[in-house]
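To start, the structure under review is shown below, and the notes come after it.
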Amino acid sequence: MTPARVLLIEDEPALARGVSDLLRANGFSVTVVADGQHALDEASANTADVVVLDVMLPRVNGYEICRSIREQGLDVPILMLTAKTQEEDVVMGLNLGADDYIGKPFRAGELVARVKALLRRGMAPARCVRF
Ligand code: CA
């Protein structure tokens, strides 16, 4: 059994470290990317089981990354993680193909639970991994 792979796209170093430590402590394998363009490359490689995506990023923002992932036909679950929690921001993220949305500041247990929920929903039984 391999751990579920999370692609964490977050440019704030302290938050990236906090979230990656949290996810690793919960059994996930985590790749952290801070730059929007690099994130697009990483997402396109299609090696993640779930993407945790910040909206405000350098060069390419989270909305564009989300749209690009879906335009490539990738159906990886996407959890948007952002301080932008106005209704229009949430609606735009979901309409661009995000599966779920969590506002900053978030509760650690809730973030982990939402990631696990997306993995349960997104995975065929044959692809089930431990987390
Ligand atoms: Ca950010």
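Compute the label zone of residue 29 within segment 1-20: residues whose backbone N is under 16 Å from the point 7 Å along Cα-to-Cβ.
1-8
Report the net charge of residues surrounding residue 101, where surrounding means a beta-carbon distance below 10 angstrom and charges are Lys +1, Arg +1, Asp -1, Glu -1.
On the way: positive: 84, 114; negative: 89, 99, 100.
Within the 10 Å Cβ shell, the charges total -1.
Any idea how far apart residue 75 and residue 61 come out in nm if each label point goes 7 Å out from Cα toward Cβ?
It works out to 2.9 nm between the two label points.
Say the dipole of segment 18-105 comes from +1 at the beta carbon of Lys and Arg and -1 at that of Asp and Glu; which of 25, 92, 66 then lies farthest toward its positive end?
Of the candidates, 25 comes out farthest on the positive side.
Let me spell out the model: positive unit charges on the Cβ of Lys and Arg, negative unit charges on the Cβ of Asp and Glu, origin at the Cα centre of segment 30-131. What dipole size does that give, in debye rounded to 20?
The dipole magnitude comes to about 460 debye.
Please report 56, 80, 92 as a ranked list, fewest other C-beta atoms within 10 angstrom at the top and most at the bottom. Don't skip to the answer; put the middle values down first.
Details: 56 14, 80 29, 92 17.
By the 10 Å Cβ count, ascending: 56, 92, 80.
Given the alpha-carbon gyration tensor of the chain, what are the semi-axes of its equivalent ellipsoid in whole angstrom, ordered largest first, with each equal to the square root of 5 times an eigenvalue? Provide the component values of the computation, followed by the final result.
Details: eigenvalues 79, 55, 43 Å².
The answer is 20, 17, 15 Å, longest axis first.
Which loop trypsin sites (Lys or Arg not before Pro) in segment 1-67, with loop taken from DSSP, have no more than 15 other Cβ atoms within 10 angstrom of their Cβ?
Details: sites: 5, 17, 24, 59, 67; in loops: 59.
Passing sites in segment 1-67 are 59.
What 222 nm value per residue comes from the helices of the chain, counting each DSSP H run with n ≥ 4 as -39,500 (n - 2.57) and dividing by all residues, nearest 500 deg cm²/dmol?
On the way: 5 runs with 56 residues, N = 131.
When only DSSP H runs of four or more count, the value is -13000 deg cm²/dmol.
With springs only between Cα atoms under 10 Å, which of 11, 75, 41 fluctuates most in a Gaussian network model of the chain?
41
Taken together, the values in this text are just the output of simple stated rules run on the coordinates, not laboratory data. Please read all numbers here as calculations on a predicted model, not as lab measurements. Note that each Cβ is placed from the backbone with ideal geometry, even for glycine, and that neighbours are counted across all protein chains shown.
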